[in-house]
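The values are calculated or read from the model by the stated rules, or taken from the named source; none is laboratory data. Predicted model, so just to flag it, every value in this text is computed and none were measured. Note: accessible area is taken over every heavy atom of the protein model, side chains too, but ligands, DNA and RNA are not part of it. Shrake-Rupley method; radii C 1.70, N 1.55, O 1.52, S 1.80 Å.
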Amino acid sequence: QVHLVESGGGLVQPGGSLRLSCAASGSIFSVNSMGWYRQAPGKQRELVAVMYSGGSTNYADSVKDRFTISRDNAKNTVYLQMNSLKPEDTAVYYCRAHIGNLYWGRGTQVTVSS
C-alpha cells in the first residue's frame, strides 16, 4: 500500500507563485510515474503535469511555460512549481502515483484571487 500526502496549497494573488509537494510512503518498489491533476468546481479532473520514471514529462497546454514538475527520488517526493498563476488555475490539486497500482492523494486547494 502507498500513501500520498500533498502540501503547499493556499490562496495567492494573480501572478503569484506556489509550490506543491507530494510525499509518497509505504511499499514503494518501483515508481512508474508521479504527477498532478486538478479539479475545478463543476469540471472534470484533468492532467496538469506528470513525470515518468525515466525523467520525461508531460504538461497540459494551459500550464506549459508556467508550471514545472520535479522529483526528489531519495525522498519519494514530487513537486509542482507554479508561477504566473491565473484565476483559472483555481482548483483542488491531486497527486497521483503509478506504483504498481494507481494511488491518489486527498488533494490540496489552490485559490488564485485578488
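Ranked by solvent-accessible area (1.4 Å probe, protein heavy atoms only, all chains present), the residues HIS98, HIS3 order from largest to smallest as HIS3, HIS98. Largest accessible area first, the residues VAL112, VAL5 order themselves as VAL5, VAL112 under a 1.4 Å probe with ligands, DNA and RNA left out. Separation of region 79-111 from region 3-23 is 8 Å, based on Cα centroids. The order of GLU6, GLU88 by accessible area, most exposed first and with a 1.4 Å probe, is GLU88, GLU6. In the full protein context, region 1-65 carries 58 Å² of accessible surface per residue, based on a 1.4 Å probe and ignoring ligands, DNA and RNA. Quick one: pull the percent of accessible area on the chain belonging to carbon and sulfur, 1.4 Å probe, ligands and nucleic acids left out. Roughly 45 percent, rounded to a whole number.
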